[in-house]
Amino acid sequence: MRKDKLYFLTFISIAIIFLIIASFSVKYFIKVSANQLIELQLNSSIRESEEIAKLINFQLEQGIHKDLVTKNTQVSISNVKTENAFISLFNWSGKTVCHPDITKLGQDVNSNQSLLNSLKQENSSDHLYDLLINQKNVTVDSKNQSTSEIIHISPVVNSDLIVAGHINLLKISIEINKLKKSFFTIFILMGILIIFSSFFAVRIIGSYYEKQLELKNSTLENELLNLSKLNTNLVEYQQKVVEDKVESNTEEETEETTFESSKKRILTYIRNELVPIHTNDIAFIHTEDTITYVVSFSGKKSTTNASLDDLLANLDTSLFFRANRQFIISITSINKIIKYGNSQLKILIKDSDVEIIISKNKASEFRQWLNS
């Protein structure tokens, strides 16, 4: 149940994050794409109106009468579709002289002067995009279902004629809406794909790590059981040693039989004093800076000239174990055995801060020693 809740929260989190990112990015992509579309329309309309203005100027310079020029221009642009961009011609009085729609001839030019001024600035496509997005009331021609706006004017030199470049705002608005729908469709499909793929990826990865964790827990449980068994064996062995000590104090023959091949005492030094220590009183033996120290259960420390190898050869190996290069420990001095590092063991000594590390290779021998 807890896993299902975690997966559900993961799904919700991924969905929310994607929606936040998509809400910002989709607006940016739409604006960039729309601006590119508008920029193409603007450049095309500006180029066409300037070329027509130059052509009319050239005809006038060649002595062709203005009325004939305007007539020829009207014939050229008549019946041109006004769905996208087109041009018209008007005079300084604001009367339309030439227009693809002949019904517009003689009418006053209706232009958005603020739009013309803004389009003369840099990033003119941004201004037109903002106009299309923010406009609420667009006047639509009932005949051709279009609305146009003058976006560029090119005066004809040495005449009262002005060439106007028009753009169909309704058509561009429709194209922008198509872009919006396309982008929203893409982001919805992409969002569904990303959210569900991420959800399943998290679930698969989570399941994999759960299995790995369960495996580690199982391994850890086995190690804990082994350590528990090891400490149990230690207690049993220590009790056995204590019983052997009691028997050795009451029966001399049993003691001689038990320690037949080992010394009962070793000679040590405390400063210049020669002190024999009974092996049953030794907690551990260790070397430090080439000096061998013998530490008793009472905490008394003395030194010896013998090496650890020589000492171990004369000690009862059922009671003493060579833990590592620096330590020989007594079975009765061990307080606790805990896991340390990678398959290593740490031995805690009774009434002492000493911690003895048994390596991975030595740990198996140590277990056999406790079980012997």
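What follows is calculated from the coordinates using simple rules that are stated; it is not laboratory data. Since this is a predicted model, take the numbers as computed values, not measurements. When we count neighbours, we look across all protein chains shown, and the Cβ atoms used for this are built from the backbone with ideal geometry, even at glycine.
Would you kindly calculate the mean projected area, averaged across all directions, of the convex hull enclosing the Cα atoms of the stretch 259-371, in square nanometres? Write down the numbers at each step before the final one.
On the way: hull surface 28.9 nm².
If you wrap the Cα atoms of the stretch 259-371 in a convex hull and average its projections, you get 7.2 nm².
If N is the number of residues in the stretch 1-102, what value comes out of its Cα radius of gyration divided by 2.2 N^0.38 Å?
Details: Rg = 27.1 Å, N = 102, 2.2 N^0.38 = 12.8 Å.
Dividing the Cα radius of gyration by 2.2 N^0.38 Å gives 2.13.
Are any of the pairs LYS301/LYS350; LYS264/LYS336; LYS300/LYS350; LYS71/LYS95; LYS81/LYS180; LYS81/LYS181 more than 22 Å apart by Cα-Cα distance, and if so, which? All intermediate terms of the calculation are to be shown ahead of the outcome.
Values: LYS301/LYS350 15 Å; LYS264/LYS336 26 Å; LYS300/LYS350 14 Å; LYS71/LYS95 15 Å; LYS81/LYS180 26 Å; LYS81/LYS181 26 Å.
Beyond 22 Å: LYS264/LYS336; LYS81/LYS180; LYS81/LYS181.
Within the P(r) computed for the stretch 310-372, what percentage of the Cα pairs occupies the region above 13 Å?
On the way: 1194 of 1953 pairs.
Taking all Cα-Cα pairs of the stretch 310-372, the fraction more than 13 Å apart is 61 percent.
Run the quick spin-label model on PHE58 and THR232: label points 7 Å from Cα toward the beta carbon, then report their separation in nm to one decimal.
Placing both labels 7 Å beyond Cα along the Cβ direction yields 10.8 nm.
Quick check: residue separation of TYR209 and VAL354 times 0.36 nm, minus the Cα distance between them. What number comes out in nm?
Numbers: separation 145, 0.36 × 145 = 52.20 nm, distance 3.78 nm.
Difference between extended and current length: 48.4 nm.
Return the distance in nm (one decimal) between the two label points of a simple spin-label model at LEU19 and VAL75, each offset 7 Å from Cα along Cα→Cβ.
Once both label points are built, they end up 6.4 nm from each other.
Based only on other Cβ atoms within 10 Å, what is the fewest-to-most ordering of TRP92, TRP369? Each step should come with its number before you reach the end.
Working: TRP92 10, TRP369 17.
Fewest to most other Cβ atoms nearby, the residues stand as TRP92, TRP369.
In percent, how large is the relative contact order of the stretch 286-372, given Cα pairs closer than 8 Å and 6 or more residues apart?
Values: 117 pairs, mean separation 16.5, N = 87.
Relative contact order comes out at 19 percent.
Cα centroid distance between the stretch 274-316 and the stretch 65-79, in Å?
Their Cα centres are 123 Å away from one another.
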